[in-house]
1. Please give the charge dipole size of the protein assembly as shown, origin at the Cα centre, charges +1 on K and R Cβ atoms and -1 on D and E Cβ atoms. Round to the nearest 20 debye.
2. For B:LYS481, go through the aspartates and glutamates and keep the ones whose alpha-carbon is under 15 Å away, minus same-chain ones fewer than eight residues off.
3. Any idea what % of Cα-Cα pairs in segment B:53-129 are farther than 15 Å?
4. Return the whole-Å distance between the Cα centroid of segment A:390-420 and the Cα centroid of segment A:284-315.
5. To make sure I understand the rule: partners must be lysines, Cα under 27 Å from the Cα of B:LYS267, and not fewer than 8 residues away in the same chain. Which ones qualify?
6. Based on the Kirkwood radius over alpha-carbon pairs, what value in µm²/s does the Stokes-Einstein equation return for the translational diffusion coefficient of chain B at 37 °C and 0.692 mPa s?
7. For a quick check: sort B:SER49, B:SER409, A:SER55 by the number of other beta carbons within 10 angstrom, fewest at the front.
8. Taking a quarter of the surface of the Cα convex hull of the protein assembly as shown, what do you get in nm²?
Amino acid sequence: MSSSTTSTTTISTAGPPSRRNTELAMLAFAVIIPVFAYANVGLALSDEMPSGMLSYGLGLGLLAGIGHIVVRKFAPYADPLLLPLATLLNGLGLVLIWRLDQSERLARAAASQGFAYQASAPNQLMYSAMGVAFFIGVLMLLKDHRILQRYTYISMAGALVLLVMPVFFPAKFGARIWVTVGSFSIQPAEFAKIVIAVFFAGYLMVKRDALALASRRFMGLYLPRGRDLGPILVVWAMSILILVFETDLGTSLLFFGMFVVMLYVATERTSWIVFGLLMSAVGAVGVATFEPHVQQRVDAWLDPFAVYETGQGTEQIAQALMAFGSGGVMGTGLGQGNSDLIGFAANSDFILATVGEELGLAGTMAILLLYGLIVERGVRTALAARDPFGKLLAIGLSAAFGIQVFVVAGGVMGLIPLTGMTMPFLAYGGSSVLANWALIAILIKISDTARRPAPAPAPSPDAEMTQVVRP
Amino acid sequence: MNKPLRRIAIFCGLLVLALLVRDNWIQFVQADELADHKHNRRVEIARYSQPRGNIIVDGKAITGSKETNGTDFKYKRTYTDGEMWAPVTGYASQVYGATQLENLHDGILTGDDDRLFFNRTLDMITGKSKKGGDVITTLNAKAQKAAFQGLGSKKGAVAALDPRTGKILALASTPSYDPSTIAGGSKKDEEEWKRLDEKNNKDVPMLNRALRQTYPPGSTFKVVTAAAALENGLYDSIDEKTNSPLPWKLPLTTGQPLPNEGNIPCKDASLKLALQVSCNTVFGKISDDLGNEKMIEQAEKFGFNETVDTPVRTAASVYPEDNRPQNAMAGIGQASNRATPLQMAMVTAAIANDGKMMKPYMVDKLRAPNLNVVEQTEPDEMSRPMSSETAHKLQDMMENVVEKGTGTSARISGVTVGGKTGTAQRGVANSEKPYAWFISYAKGEDGSPVAVAVVVEDSQASRGDISGGGLAAPIAKSVMKAVLDSEK
C-alpha cells in the first residue's frame, strides 16, 4: 500500500505496479463471501443449500471476472480496491434481497394490499448484470475522463432535464422521484448525481480563479463578490425546488452538499463552506415550516415511537430501530431475524436494518466501513489525479457517494431525519445499481489516468550537468 | 487543491465515524431496551415460537399449546376449562399480553428464565429446540370445580385455603371468561376481547373477584370483632354476659337505634350467643368500646390494609381510620371497611389453624423442562393475629353457629364445621340486592384442612332468599366436602 501511495503522488519512470493481481485476489473474496452468505440464508430458512447457489456463485463470479478483464485491458493502472468493494456490496445486497424475498410476512402484506408479490432477487440480478455492462461500457468508451470536460454545459442541461422530469410523473409512496413509462420506472436522480458532478467539475475548473481571488476580506472570511454568488444561489434554489416539488429531501441534500464540497475544493476558500452551511440551514428550516412532508419526517425522527400512541405517521423508523436493537452485537444470523416487520421498503431504503438485525453490530460496522473504503479510495484518486478536472470530478463523485451513504444509513438508524434514498449497491433498485456501477467506472478511469506512469521524459544530454545555484 | 481535498477526506471520515458511533449506540448501548420494547413484536414472536410450558393442577395440565398456521406465531395458548381456571391462570394472548400466573412466571413458561440457562445451553448444544418449564399450583381441582359449579350463573367468588400451610385450594370468580378465546390474533379474538373489555361489559368477566374485588364483609366481620374483644381482654369468656343494652343507638347519633335482624335475644347476650344469632348491637358496641385504633390493629394483624402476593397480587382489604359511629358500624362489617374473599378466607384459616396465619400461595413448584425443581414454595407463617386460646374460643363460637345458628346449611355429617354467615347491605337504605357471605372451615384428624370464604354478589333469586346461610353456605359446604374427600 505505501509503495502505491508514494508512487501515485510522484511521477517516476520506474513504472508503478499495476496491482491488477491484487484486484483479482480481492475479487475472489468478494465473490466467495456472498456465496457463503447465500448458503447461510438457505440453511437457516429451509435447512438445505439453496438450489440456485451454483448459478448465483457462477453468475457473480462471471460478472466480476468480466469486469476485471475489462479493467485489466482498458484501465490497467486503476485502483485495485474499487471493483472488489463494489462487487462485494452488490453480491451481499443480492443475498439480502433474496433473503427478504423468502419472507412470508412480506408476501402476505403485499397480498393484503392487493399487489401480486414478486421476488425481487431475479430482477436485482438482472440489474446487476446491466450495471456491470454499464461499467464495462463506460470503461471501454470513455478513453479519458477529460473528454467529459467538453460536455460541461450539455451535462448541465442533461442534469436539469433529469431532475425536473419526475415532476411530470405521478408521485409514488409520497415522493416524486420516479419516471414511469409503462411498467418500467427509473429514478433519474441517481443518474443526475453523476451528470451534475461532471457539470460542477467542468464549470468550477474554469471559474475557480474568479471565485477564489475576487473577494473581499471581512472578519477573517473572504466574502465572494455578489455576482460570484450567482452559481451557488442557483444550485441552492434548485435544491429547494426539488425539495418542494418532488418532496425529495435526500436528493436535495445530496446535490447541495456535493456542490459545496466541490466549490470548496476548487477555490480553497473556507468561506464557501460557511455560506453553504448557512444556506442549507435557512433552506431546510424554511421549507420545513411550510412543507408537511418534511415536517412529518422530522417528527418521526424526533420521536420514532410516537406513532404507536398517536397512530399518525409511519412505524418504519421505530421498526428499523427495534430491528437494530434486536440484532445486538452479533446479530441473529442471516435468515433468522424478523427485519421484515418493517414491511414496505424493507429491501430497498431499509435494507440496512436487515444487516443490523441479522449480522449485528459487527456486520453493520463492516458494511459501513466498506462504504467508507470506497469513499476513501475515491478521495485518494482525487488526490492522485493530475488535472484539476479529474480532481474535482473524483472528489465530487466520492463526496456524493459518502453523503448518500450517510443520509440513508443515518436516516435508517435514526441519526438524522429519514430522506428516502437507497443504499448504494445493497438496496433493491435498477437505477441505483446502474448509476453506482457507472460512478465506480468513472472513478476507476480517473484513478487509472492518475496512476499511469508518465511517458518517459525525452533524454536530455546535459541533464546531469545542470547545477542548481542557491542564493 | 490537495489541502482542501485532505480536509474533505477528514469530513467524509467523520460522516462514517458518526454512523459507526450511532450504530454502537443503537446496537450496543440501547440494544436491550429496543429488543424488549413493548412494541417490538419479536418478543411475542419468540414467546409463541415453541410450545409454552404448562400450568398444572393435581398433576394435570390446565393449559396447552396448539400449533397454528399464522405467520408470526407458531403456537397458540389453549386452556382446559378456561372459564373455571381463568382466576388462576390469567391469560397469555398473542396480541393482548399476559396476566397473572401466565405473566408472572412467563420466564419459566417460555424457558427464558435465568434459572433455566443451563437447560437452554444444553439444548442448544444438543440441537434440541428451546422448551418451557411448568408451573405447578397448589390448587385442588375438585374443590375448584365445586366452587365454580356452586357459583353457577350467580355473580360471586370463592377462595379456599389450607389453613395449615396457606396453600390456595380454590379460587373461583364468576362471571368468568375463557382465556382461549382471546389467545390468538384473529378477528374473532379481537371481537371477544372487545366484548370482555370493562368498558363494554358491566359484568367485568376479566376481574378476578376472589383476589381483587373488595366487598363490605357484613356479619362475617363479627369474628374479627370477637377476636379483638377477646385479645384485648374486653371479655374473657365467650359464655359470660356482655354489657349490651337493647335497643342500642350508635354513639354520637340521635334517631333510630341500630336494628338487629328480627327479634333476637341480644340484650346482654354472651359472645357465643351473639355470634350464633348474629347480633348487630353486641358487636357494634364491642367495636365502639375498643375504639378505632384497636380495631385497626386487630384487622391489620389479619392482613387488612396491605396487599398479598400469592404471587398474583391481591387488592388490599381495608379497615380505615374513621369516626366513632362509622367504627361501630365497621365492627359489623357495614361501614367503610372492605375485604376480598381471600382476606376473609385468611381470617377463617387463622382461626381454624389455632391462631397462626399462613401466607397464602398458589404456586407450589416451578419445574424445569427436564423435571428438575427450579423453585419450591415453603409454607410461611405470615402473622399471629391471636393467641391459640382465643382461636379455640372463636372455633367454639363458629362451630356453634353451624350447629345451632344461622349457618346450619353448612353442616357436614361426621365432620366438625365452623362458620359464619354475612349479609352485607348495599345501596341507600338497603335498596340494592345485598351481598351474601359465608366463611367456614372444616376440621380433619390433623388440624383443619380447609377454610373457605364465599361471596355471592348478586343473584336472580328473590330478595328474601338472600342471606349468607341460604345462598353462600351450600357452596362453602361443597367446597369443604371436595377437599375432605380428596384428603382421604
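Each value in this text was obtained by applying a stated rule to the coordinates, not by laboratory testing. Just so it is clear, the model here is predicted, and its values are computed rather than measured. With ideal geometry, Cβ positions are generated from the backbone for all residues, glycine too; neighbour counts draw on all protein chains shown.
1. Dipole magnitude for the protein assembly as shown comes out near 3040 debye.
2. B:ASP162, B:GLU445
3. I get 62 percent for the Cα pairs in segment B:53-129 exceeding 15 Å.
4. So the separation of the two Cα centres works out to 21 Å.
5. Hits, sequence-local ones excluded: B:LYS222, B:LYS241, B:LYS249, B:LYS285, B:LYS294, B:LYS393, B:LYS404, B:LYS420.
6. Using the Kirkwood radius from Cα pairs, D works out to 134 µm²/s.
7. A:SER55, B:SER49, B:SER409
8. With every direction weighted equally, the projected area is 54.7 nm².
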